Structures are given as C-alpha cells and as structure tokens.
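Q: This structure is in structure tokens; I'll ask about it shortly.
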C-alpha cells in the first residue's frame with residue numbers, strides 16, 4: 001500500500017525538477033535579456049536613482065549633488081546646480097543616454113561601495129565607509145566663469161592648466177548643454193535635439209575635437225630646430241615675400257602678404273615673434289620630417305593624453321609619409337596640412353615651455369572625499385613626458401614672451417605681468433579660420449606663486465569671422481583669463 | 001544523538017538568520033545592531049522550543065524536519081527584513097508564536113499520541129468549514145471578512161481595547177484541519193474504496209457512495225474559487241483531496257476524475273470570470289499587458305533575470321520593485337538577491353522536506369499516520385510548487401504563500417503545525 005504514496009512522491013519531486021529547470025532558464029539563459037530589457041526598472045534605478053557623491057570645484061561650488069527623493073528614501077535625484085557651466089567635464093548620468101564625463105569615469109568613487117564582492121563585504125566588516133565618495137575638482141570657479149564669458153555665443157574651447165602640476169584650472173567647451181534636462185525618462189526629445197544641433201553642443205571640444213593648430217605649432221617647429229641644433233634664436237634666414245614649395249606650384253606667404261622684416265634677412269626670433277610663415281616653412285624643410293614628427297610626438301602628439309576623461313590623440317603624420325616631400329614638411333611646420341590638435345594638447349605645449357620642458361599629466365580631480373568630508377585620497381602630480389630640454393624651453397619662453405611684448409600676441413599682454421604666448425590663425429578650407437592663442441604667465445614666478453598655461457580656440461574666427469586672427473580674437477581672451485586668475 | 005545533531009543544525013539556522021540580518025544592515029551602511037540579536041533570539045525561541053518539545057515528548061522524531069524549516073525561514077526572514085523592517089519585526093513575533101503553538105501541539109499529543117486526532121475528525125471538518133467560510137462574514141460584524149487584492153481570504157477582528165485590527169487567513173489553518181479529517185476518513189475507508197468496485201463498460205469504478213469525498217472536495221474548491229476568488233487556495237485544496245485519495249487507494253480513477261473535474265471547473269471559471277481570463281492571459285503573455293495584468297509577473301522575471309547566477313547580494317538588489325515581494329513573490333526577491341544559486345538551494349530544500357515527509361509516510365505502519373504524513377507533505381509540496389511555478393511561469397499566478405518563507409502569521413503557524421505533526425508521526429514510528 002506504499003506504491004501510490006511513492007508514486008505521488010515522485011510526481012511532486014518531478015514538479016520540483018521542473019521548477020529548477022524553469023528557474024535556471026529564467027536566471028541563467030534568458031536572464032541577460034530580462035536584465036537588460038528597457039522596461040526593467042532596475043536599469044533606471046541603478047543608474048539614476050542611486051545616491052552619488054557630490055562634485056565640487058576647488059573653491060567649493062557644488063556642480064553635482066544627489067537629493068533624496070521626498071517619499072522614497074531609497075532613491076535619489078541627481079541635480080547639477082551649475083547647469084551648463086561644467087557640463088562637459090562633470091557629465092551626467094541619465095536614464096536614456098547612459099553616463100558621460102566624470103559621472104562615468106569616476107563612477108566607482110561616486111556610487112556607494114555596498115556591493116557583494118568579498119572585498120566590499122570585508123570593507124564594511126572592517127569598519128570601512130560604504131557611502132559614496134565626493135570629488136573635489138581642480139577647477140577654479142572664477143576662472144571658469146571668465147572663460148565661459150569669453151566664449152559666450154561662440155563655438156570654441158578654453159583649457160587652462162597649472163604647468164607645474166598639470167591641475168586643470170578651467171575647462172570650457174561651447175556651446176554647452178544643461179545636463180539636468182537629460183536625466184529623466186522624458187529627456188528623449190531634448191537629447192535628440194542636442195544630437196542633431198549643427199553646433200554640436202554635446203561635443204567636448206577641449207579633448208574630443210581636433211583642429212589645425214596653425215601658427216601655434218611654430219612653438220614645436222622652433223623647438224625641433226633648437227633641439228637638433230639647426231638654428232638658435234639669432235640664426236638668420238632669408239626674408240622673401242613668398243616661398244616656393246619644391247615640387248609644387250604653391251607658394252607660402254606671410255599673413256599680410258609682405259616680407260617679414262626688411263626683405264633681406266631675419267632672425268629666427270624675429271620670425272617667431274612676427275609669426276612669419278616664409279621663415280618657419282623654410283626652417284621646417286631644413287628640419288625635415290623625422291625631427292619634426294619626433295618633436296611633435298615628444299610634446300604628446302599621436303599619444304592619448306592620460307586624462308581622467310577620454311581624450312582623442314592629436315594626429316601628427318608619420319615621418320615616413322612625408323620624408324621625401326619638403327612641401328609637406330613646410331606646411332606641417334606651420335601647423336596646417338595634416339597636423340591636427342586638441343585644445344588640451346596645445347595647452348600642454350605651452351605648459352611644457354613654462355615648466356622647463358616637462359609635461360605633467362593633466363588632472364581635474366584634486367581630492368576624493370568621504371561622506372563626512374574627510375579627504376580620502378588626493379591626486380599626486382605626475383610627470384607625463386619630457387618634451388624638450390630646459391635650455392630649449394628657456395629660449396622658447398623668451399621668444400614667446402617677446403611675441404606678446406612686441407609681436408602678434410600683443411593683445412594678450414597684461415600690465416605688470418610677464419606673459420608669454422603664441423597666436424595661431426589656421427586656414428580652414430571653405431570657411432573662416434580657426435583662431436588660437438596658447439601661452440602662460442607669469443614667465444618668472446616667485447616661489448609659490450600661481451601660474452597658468454592655457455589654450456584658447458574659437459572655431460571659424462569667432463565673432464570676427466573672415467577677418468579674425470589669433471592675435472585679434474583669441475589673444476585678448478587670454479589676457480582676460482590671466483587677469484582673472486593672477487590678479 | 002540525533003536530537004543533538006538537530007540542535008546543532010537549528011542553531012546553525014538561527015545563526016544564518018542573524019547573519020542575514022547583519023548583511024542587510026551592512027548593505028544599508030549600518031554596523032551590527034539590535035535587529036541581529038533579536039533575529040537570533042526569535043529563531044532560537046521559535047525553533048528551539050519545537051526542538052525542546054521534540055526532545056522531551058517526541059525524542060525519536062525525524063531530526064531533519066526542523067533544520068530544513070529553520071533554513072527556509074532564515075532565508076525568508078532575511079529577505080523580509082531587507083524589504084520591510086517593520087514587517088520583519090512582526091514576523092519575529094509570528095515566528096515565536098508559531099514555534100510556541102507547534103511545541104504546544106507536541107506537548108498536547110505527548111501521551112495520547114497522534115491517534116487522538118483520528119477520533120475527532122468531524123470536529124476538525126466542522127472547524128475547517130467554519131474557518132473557510134469566515135471571510136464571507138459581512139463587514140458590519142465585529143469579526144468580518146476583508147478583500148485584499150481581489151481575494152476574500154482575510155478575516156479581521158477589531159480589538160476594541162488595543163485599538164488595533166487583527167488580521168488572519170483562516171484558510172491556512174483550515175487546510176491542515178482538512179488534512180487531518182481526510183487522513184482519518186481514508187484510514188477507515190480506504191481498504192473498501194480501493195477494492196470494492198463496479199464494472200461499467202471497460203472501466204472499474206468505485207462504488208458511487210465512495211465518490212462522496214471527491215465530490216465534496218471539488219465542491220469546496222469551487223466554492224472557494226467563486227466566493228473568495230482565490231485560485232491558489234482552491235487548487236491547493238483540490239490537489240490535496242485528489243492526491244490523498246490516490247495515495248490512500250492507489251486508484252487511477254480518482255486522479256482521472258480529479259483532472260476531469262479540474263478541467264471542467266477551470267474551463268467554466270475561464271468562461272465565467274474576467275479575473276480568471278486576465279490571469280491566464282497574463283501568464284501566457286506577461287508583456288502583452290505589461291502595465292496591467294502582466295506587471296507583477298514581468299517584475300518577477302526582471303528580478304530573477306537581474307539576479308542572474310549569483311545574485312545582487314542581500315540588500316543590494318531592487319526586490320522592492322516587485323509587487324507583493326514579501327508574501328507571494330518572496331521567491332523572486334530571493335532569486336534576485338541570491339541569484340540562481342539561492343533559488344535552486346530553496347527549491348532543493350523544499351524537495352528535501354517533501355522527501356523527508358514522504359519518507360515518514362512510507363515508514364508509517366498505521367494507516368492514519370501514513371495518510372496524515374502523506375497529506376501534510378502533499379500540502380507543503382503542492383503549495384510551494386504552485387507559487388514558485390507561478391513566478392517562473394510554469395503555471396498562472398495563484399497568489400498563495402510560500403511555506404516558512406513568506407511574511408504572514410497564519411502561514412507560519414500552519415507550516416509550524418505541519419512540522420510538529422510530522423515530527424510526532426515519525427516519533428511514533430520509531431517507538
């Protein structure tokens with residue numbers, strides 16, 4: 001009389017086997033499909049609803065914070081009180097568009113450490129703090145505002161760094177966007193509009209767009225000549241009205257279609273100060289592809305700058321591609337043709353000259369602090385590369401200072417401040433030139449004195465359009481920034 | 001010897017529960033707090049008192065029942081604490097009360113033995129009937145029925161002095177009483193039912209008067225379905241009756257008739273009731289009406305899928321997004337936070353419990369004890385299958401509790417009583 005009971009038992013155990021199979025199917029095989037289903041509220045809840053740490057500037061302006069939901073204390077609303085002012089650097093975390101900026105790259109600090117990993121559990125058991133960390137940026141809010149004001153209504157970028165440490169002091173890319181409008185599940189139309197905007201407000205121009213550097217690249221050309229011993233500041237060059245490019249019918253002219261000095265002879269220093277294309281192009285041919293590309297690469301071209309946000313490399317053509325093409329060497333030496341640079345790359349060129357030829361790794365997060373405001377870790381300044389010798393840097397610094405005192409960069413001058421810099425007016429086929437200024441100040445810092453190196457870029461001439469030059473449009477902006485930060 | 005092993009395992013289960021409480025605290029960024037100690041104390045009191053009762057009055061009881069129950073309750077209480085600390089505090093009281101009731105049952109049966117229950121079967125039948133009908137009491141009475149989530153399952157009593165409302169689900173207790181009745185009835189009749197038959201055409205069918213119980217069963221289940229709108233309880237009752245009839249008589253006729261009646265009743269219910277149709281379509285296409293009927297099933301699937309193999313970790317998932325996560329859908333909540341590893345462990349634990357239960361039935365020499373053990377085991381097995389199957393979409397959602405794990409005093413009380421009865425039955429077989 002046990003047989004039916006035994007059979008009943010087998011049937012019930014069989015249904016349990018079916019449960020195990022169904023559960024395995026749902027969790028192991030179909031699992032990722034359910035997990036990643038856009039209707040799964042966990043996606044939103046995890047990305048957007050978790051508490052994240054605050055992000056503040058060096059002078060304690062809050063750029064991102066998490067407010068607890070009024071009724072559900074488990075979820076939080078991310079708020080960016082500064083709206084578009086820090087959008088590209090701080091980024092956002094959104095239901096529909098994922099995460100960008102520091103919100104993405106420093107996610108591990110910004111979200112809580114309450115995870116199920118052995119280290120996470122051990123951390124809590126050992127008394128560690130699982131609450132989210134905050135970030136203090138290196139950015140100076142007043143300088144940031146000066147940069148924002150200077151670029152108002154324009155497409156462009158400003159990046160300023162401390163040449164001695166690599167700390168980013170201001171980073172602006174315009175036009176910007178308000179990250180608050182992209183957070184929620186209803187942000188689709190706003191996001192589509194931003195994505196389709198021809199002015200590309202979502203593009204982080206400072207690190208993700210490259211432009212012909214134009215005459216600002218002459219710093220690198222001059223550095224190549226100094227490093228290779230081809231020329232010094234007083235080495236004399238011919239001073240023609242135009243320079244014929246071998247193997248082509250093209251010629252190179254100076255900015256005003258005239259001689260550089262007097263039509264007879266010109267020193268490298270004078271040519272640099274006046275930004276003479278004929279002289280530097282001839283010098284470029286003399287330097288040759290190998291040394292030119294090698295020097296540019298020493299400054300960081302063709303490398304990804306190890307910043308806290310993803311940076312595109314600034315392309316410098318491989319030497320082999322133009323070793324037998326002096327015309328290309330001449331045009332590349334002027335920062336045209338195949339050379340492209342991000343504004344951050346050009347700011348690092350100026351910083352290298354300011355810092356005895358050494359480029360520090362740029363960083364924007366100064367400190368990671370705990371929920372109760374204690375600093376947990378600080379970014380230590382780290383050398384990225386030695387671009388040129390201190391001697392060459394000193395010569396370049398001197399030439400760049402003269403360019404501001406008496407040359408194309410005179411609009412960058414600030415009374416009672418020793419400013420060094422180089423302008424750039426890069427020809428862009430079919431539209432107004434992209435205008436640049438790169439530079440630094442003060443040239444001779446007292447011990448402990450603040451220093452700043454920067455790059456200013458305005459696409460297509462900025463407000464001046466076709467008539468724009470780096471000296472007329474970008475240099476005055478640099479002067480304002482020097483004043484804002486150092487005065 | 002076995003009692004000492006049981007004591008160690010129950011202690012381990014209580015430790016597991018308090019470790020769970022500690023993990024919930026860690027996940028919320030707190031250090032150890034009183035909840036951890038309270039959880040341990042409530043488990044030690046609840047399962048410890050059953051253990052002591054076994055030790056004193058049923059020393060040969062099967063030593064595996066209590067540890068499995070403790071394990072399941074530990075996982076359940078962790079998840080309830082993680083979802084709703086207030087409910088968890090209540091659940092600790094229910095645990096202690098259920099443990100005391102189970103220990104009291106073992107004490108009551110200490111000298112008379114389980115056989116005493118056999119004598120009072122009609123008392124149990126009447127009590128079960130009254131309990132099943134209680135939720136139909138009008139709302140104006142001091143004891144009244146209440147509709148929760150569309151099902152009239154609850155009875156509420158206003159406590160005038162405390163100013164509170166006491167709620168319970170009488171059906172949970174009724175099903176245990178009905179099992180006792182049925183075991184007793186079948187112990188007297190099964191021999192006749194399994195041998196006496198009448199030939200109709202090619203079929204051997206039982207005497208018509210032996211069809212009485214199954215008709216009663218179908219009727220009771222259908223009444224529950226219609227008046228209380230409770231698909232789960234009605235199916236459970238029906239499966240219990242048919243399962244016990246088959247287990248006692250070994251006649252496939254009862255199974256066949258049972259399946260036939262279920263099909264008829266199911267078809268009728270589908271044709272007659274909107275809420276049944278909605279539930280069936282939500283079962284087959286949960287995403288077709290995602291924001292409506294399919295929402296709960298879909299949330300369960302999202303939870304389980306997000307849990308994946310190892311789960312999010314206790315306190316780190318979002319089972320709070322699942323409707324009824326502390327009761328009907330606690331399996332999905334555990335599956336999210338403990339992953340496939342946790343969900344399979346739970347299913348295996350129920351399978352283990354069912355195996356132990358049927359083992360007790362198979363070893364019993366006395367018919368009543370045998371049928372009672374089988375019936376109680378069927379109850380646990382079918383109930384846990386039905387609700388988990390609803391969550392993993394092997395079956396429509398039935399809305400019943402998961403024994404030992406779901407929040408709820410009535411459910412815990414019933415589950416603890418089942419453990420006490422099974423323990424007593426296994427004890428009597430050993431002596």
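Each value in this text was obtained by applying a stated rule to the coordinates, not by laboratory testing. Fair warning: this is a prediction, and the values are worked out from it, not measured in the lab. When we count neighbours, we look across all protein chains shown, and the Cβ atoms used for this are built from the backbone with ideal geometry, even at glycine.
Q: Among B:174, B:37, B:100, whose mean-square fluctuation peaks in a Gaussian network model of chain B (Cα, cutoff 10 Å)?
A: Taking springs between Cα atoms under 10 Å, the residue moving most is B:37.
Q: Oh, and also: Tell me, A:276, A:260 in order of fewest to most beta-carbon neighbours within 10 Å?
A: A:260, A:276
Q: Label residue A:290 and residue B:195 with points 7 Å out from Cα along Cα→Cβ: what is the distance between them in nm?
A: The two pseudo-label positions are separated by 11.1 nm.
Q: Right, next: Could you tell me, in Å, what Rg and Dmax come out for the Cα atoms of the protein assembly as shown?
A: 40.1, 131
Q: I'd like the antiparallel share, as a percent to the nearest 5, of DSSP beta bridges with both residues in chain A.
A: 95 percent
Q: So what is the calculated 222 nm ellipticity per residue for chain A, using -39500 (n - 2.57) for each DSSP H run with n of 4 or more, over all residues, to the nearest 500 deg cm²/dmol?
A: -10000 deg cm²/dmol
Q: I'd like the distance between the alpha-carbon centres of the range B:352-408 and the range A:215-268, rounded to an integer number of Å.
A: 93 Å
Q: What share of Cα pairs, in percent, lie more than 30 angstrom apart in chain A?
A: 52 percent
Q: Anyone know which of B:112, B:194, B:308 comes out most mobile in the 10 Å Cα GNM of chain B?
A: Result for chain B, Cα springs under 10 Å: B:112 fluctuates most.
Q: Rank these for me by crowding, B:290, B:270, going from fewest to most other beta carbons within 10 Å.
A: Result, fewest neighbours first: B:270, B:290.
Q: OK, next. Quick check on chain B: helices-only [θ] at 222 nm, where DSSP H runs of length 4 and up contribute -39,500 (n - 2.57) each and the sum goes over total residues. Nearest 500, please.
A: The per-residue figure over chain B is -24000 deg cm²/dmol.
Q: Further, regarding this structure: Between the range A:342-364 and the range A:149-207, how far is it from one alpha carbon centroid to the other, in angstrom?
A: 21 Å
Q: Could I ask something else about it? Residue A:108 versus residue B:4, label points 7 Å from Cα toward the beta carbon: distance in nm?
A: It is 5.0 nm.
Q: Tell me the label-point distance for the pair residue B:32, residue A:77, using the 7 Å Cα-to-Cβ offset, in nm and rounded to one decimal.
A: Here the modelled spin labels are 4.0 nm apart.
Q: Given the options B:190, B:140, B:406, which has the most mean-square fluctuation in a GNM of chain B, springs set between C-alpha atoms less than 10 angstrom apart?
A: B:140
Q: For helix A:141-150, report the angle its Cα long axis makes with the longest principal axis of the Cα atoms of chain A; keep it between 0 and 90° and round to the nearest 10°.
A: Helix A:141-150 sits roughly 60 degrees off the main axis of chain A.
Q: Mind checking the full-extension length gain between residue B:310 and residue B:55? Use 0.36 nm per residue of separation minus the Cα-Cα distance, one decimal, nm.
A: Full-extension gain reported as 88.0 nm.
Q: Moving to a separate point now. Return the whole-Å distance between the Cα centroid of the range A:56-113 and the Cα centroid of the range B:324-343.
A: A separation of 31 Å, based on Cα centres.
Q: Related question: Pairs of Cα atoms under 8 Å, at least six residues apart: use those to get the relative contact order of chain A, whole percent.
A: Across chain A, relative contact order equals 15 percent.
Q: With angles folded into 0 to 90 degrees, how steeply does helix A:343-354 sit against the dominant principal axis of chain A? Use alpha carbons for both and round to 10.
A: It works out to around 60 degrees.
Q: Rounded to the nearest 10 degrees, what's the angle between the helix A:475-486 long axis and the longest principal axis of chain A, both from Cα atoms, 0 to 90?
A: Here the helix axis deviates by roughly 60 degrees.
Q: Normalised by the residues of chain B, what does the relative contact order come to in percent, with Cα pairs under 8 Å and at least six apart?
A: After rounding, I find 22 percent.
Q: Separate question: Defining a contact as two alpha carbons under 8 Å apart and six or more residues distant in sequence, what relative contact order in percent does the range B:2-108 show?
A: RCO, the range B:2-108: 38 percent.
Q: Taking every DSSP beta bridge that has both residues in the protein assembly as shown, what percent is antiparallel when rounded to the nearest 5?
A: 95 percent
Q: Turning to a different aspect of this structure: Most exposed first by the Cβ proxy, i.e. fewest other Cβ within 10 Å, how do A:36, A:129, A:186 rank?
A: By the 10 Å Cβ count, ascending: A:186, A:36, A:129.
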